[in-house]
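These notes concern the structure reproduced below.
The values are calculated or read from the model by the stated rules, or taken from the named source; none is laboratory data. Quick caveat: nothing in here was measured; it's all calculated off a predicted structure. Virtual Cβ from ideal backbone geometry, glycine too; neighbours counted across all protein chains shown. Remember, those area values only see protein heavy atoms, side chains included, never the ligands or the DNA or RNA. Shrake-Rupley method; radii C 1.70, N 1.55, O 1.52, S 1.80 Å.
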Amino acid sequence: MIRRVAGAIVMLLAIIPGSPAVAQTVSVRAFIDRSPVGLNEQFNLSVEITGAVSRLSSNPELPDMNAFSAYLGSSSSQQVQTVNGRTSVSMTLQYRFQATAVGSFRIGRVSVGVAGRTYRTEPIDLEISRTATAGPGRGNRGVARNDAADVISADDLFLKTTIDKQKVYQNEPVVVEYKIYTTVPVTSYILSRPPATTGFWAEDFPLASSPETHTEVLNGKRYTVATLKKTALFPTGAGKRTVSAMTLSTEVRVGRTSRDPFDNFFRSPLLDRTVTKLITSKPLTVTVEPLPAEGKPVDFSGLVGSLAVAASIDKRKAETNEAITLRVELSGSGNMRMVPEPKIGFPPDVETYPPRIDEKIDREGSRITGTKSYEFVMIPRAPGSITIPPITYAYFDRSSRSYKSVATRPIVVDVTGDAVTAPRVAGRVRGEILPLREDIRFIQTGPPALRPAGRSLFDGALFWIVLTVPLMFVGGAMAGRRHLDRLQGDVAYARHRRASRVARKRMAAARALADHGTQKEFYAEAGRALLGFLGDKLNIAEAGFLKDEVRNRLQRNGVSDQVADAYFECIELCDLKRFSPSAAAPAEMLEFLGRAENAMSDLDRAIAK
């Protein structure tokens, strides 16, 4: 996968030496490897560019194919010929899809920018049937395909989606699990199409990097089962909501069979081969009921689950103009992230500032629980007894199907001292505590710092500074010269040293693209940053990445599988999103950028150990 991603990036962005006659004819065409295609089968859309291609002005723009297919990945190849001083290039970009709907469909035009000019291909008709079809190059052999993946039936390997309930209230969590069932040896898997969470607020449960397996009997057949993803989905609106499917690309080891029983008996496991099998779970439907309008409190927090509230104060007696800290803590189950800030009716003689908020979400087991705390700083400006009224919250209790309220007790603080009038400054920003009584300067009551007279020149720090600074400069110059000599003579050292700096520049460029909502350019730049950083750290060419070799190099450098898997997932997501027809929001791109930067930091720390 890494090699294919790197090849696509290098192909799309490389500058190929061209001839002076750039005006030679350039032709662009698109074609698919076969039609019809069986449901859930894979097909390839190829874009071929031939002629005097100096460079691609932009990434190819694919039509929207989400209605009948799922994007899986891409690869590329090229041929360069030079005849009589003229360079001719044949460039093929191949995109893999999985058929997800039955019917007759039309693949729209593909737009390709070459040397500042835009070329568009002709539309392509595609037929998707319910049954398996003949593969490419197999003529009319019907369903009897000689494909190694076909020996693995749908009963041998499949992906299953389960939910804990099919009917919920709005903002009530639905726990979704994606499990793989297999009777064949699965050597590895890659998340080709993650499940969408449109219409839900999602909270993922933490799972081990290597899924735990157990056996389960289903329809009289024993399976090895592993949970690959577990998520709590909070529906944001009423009506029918779809828990979307997930697609995996699995690598399965299969053996060669023979009619001669002695061949099978003495067959070596080394003769086994690995085939790719795509599996997709079925989407499920959840019915979301609106929360009842009858009896709905005015201060309803929106939480469906359980809630408790507590309030405490650090002092019951204080002076005027003395800071007092009020702490409000919320705890419960459900979507605690959406619980709003408490509304407190502070007395008019008390100045308050925005609270400090701490949040902790617990995703252990099958429930989402958590706590949120708010710390308010209060400054009383007048003496007397001040009362903080009860803090109330309302929530919807699922078990009793009714609204309930929780509240704190009133808090009384005795304030003594003289009334203080805080100075008012024009343009003052709320949250800035103003210093009062600045004109008071306290009298120093302790003895001053004394030193004996007649000290020697050698006792002063200035003498030693003047003495050692030249030596430090000489040592620094020698170290700098040695560093520059090594940069020029040691390529691996030079790439390792510049890796972080180059990656930061590319990530900054990607962040600028995210702000403008340019998805394809953003993920292309982020992918270049990830691949370039890994290549510089390990001193390998980006175009020669092989996932197994890179993983072995990382293991030899002391990088754990968890850190490596997180890094590879970011690279694969760049490839997926870069050519996906669907659009990503700027917030989603910025969230991915933070995830990619964390993966880089973890990898850098692991290699540096």
Next item on the list: Take region 308-317 and flag every residue that is touching an Asp or Glu at 6+ places or on another chain (Cβ under 9 Å) and part of a strand (DSSP E or B).
Entry: Ala308, Val309, Ala310, Ala311, Ser312, Lys317
Item checked: Search result, residues across region 279-307 that are free of Cβ contacts under 8 Å to residues at least 60 places away in the same chain and either part of a strand (DSSP E or B) or among the acidic types (Asp, Glu) (or both) -> Glu294
Margin query: Criterion first (modelled with pLDDT under 85 and surrounded by 15 or more Cβ atoms within 10 Å (Cβ to Cβ)) does Thr82 satisfy it?
Written below: no
Check: If you scan region 337-353, which residues turn out to be touching a residue at least 24 places away in the same chain (Cβ under 8 Å), under 22 Å from Ala382 (Cβ atoms) and open to solvent by 70 Å² or more (accessible area, probe 1.4 Å)?
Finding: Asp349
Notebook entry, point to check: Say we look at region 85-123 and pick out the residues that are basic (Lys, Arg) and either at pLDDT 80 or above or assigned to a loop (DSSP other than H, G, I, E, B) (or both); which of these is least open to solvent (accessible area, probe 1.4 Å)?
Noted result: Arg96
Check: Does region 535-545 contain at least one residue that is at pLDDT below 80, outside any helix (DSSP H, G or I), open to solvent by 30 Å² or more (accessible area, probe 1.4 Å) and within 16 Å of Ile190 (Cβ to Cβ)?
Finding: no
Check: Just wondering, is there one or more residues in region 504-525 that are farther than 30 Å from Ala585 by Cα and either of a type in the set (Ser, Thr, Tyr) or at pLDDT 75 or above (or both)?
Finding: no
Check: Among the numbered criteria (1) in contact with an Asp or Glu (Cβ under 6 Å, 6 or more places away or on another chain); (2) modelled with pLDDT of 90 or more, which single criterion is violated by Leu228?
Finding: (1)
Next item on the list: Give region 207-236 a look and list any residue that's surrounded by 17 or more Cβ atoms within 10 Å (Cβ to Cβ) and either free of Cβ contacts under 8 Å to residues at least 12 places away in the same chain or over 21 Å from Thr247 (Cβ atoms) (or both), or say none.
Entry: Ala232, Phe234, Pro235
Notebook entry, point to check: Does any residue of region 196-208 turn out to be in contact with a strand residue (DSSP E or B) (Cβ under 8 Å, 6 or more places away or on another chain), in a loop (DSSP other than H, G, I, E, B) and under 22 Å from Gln562 (Cβ atoms)?
Noted result: yes
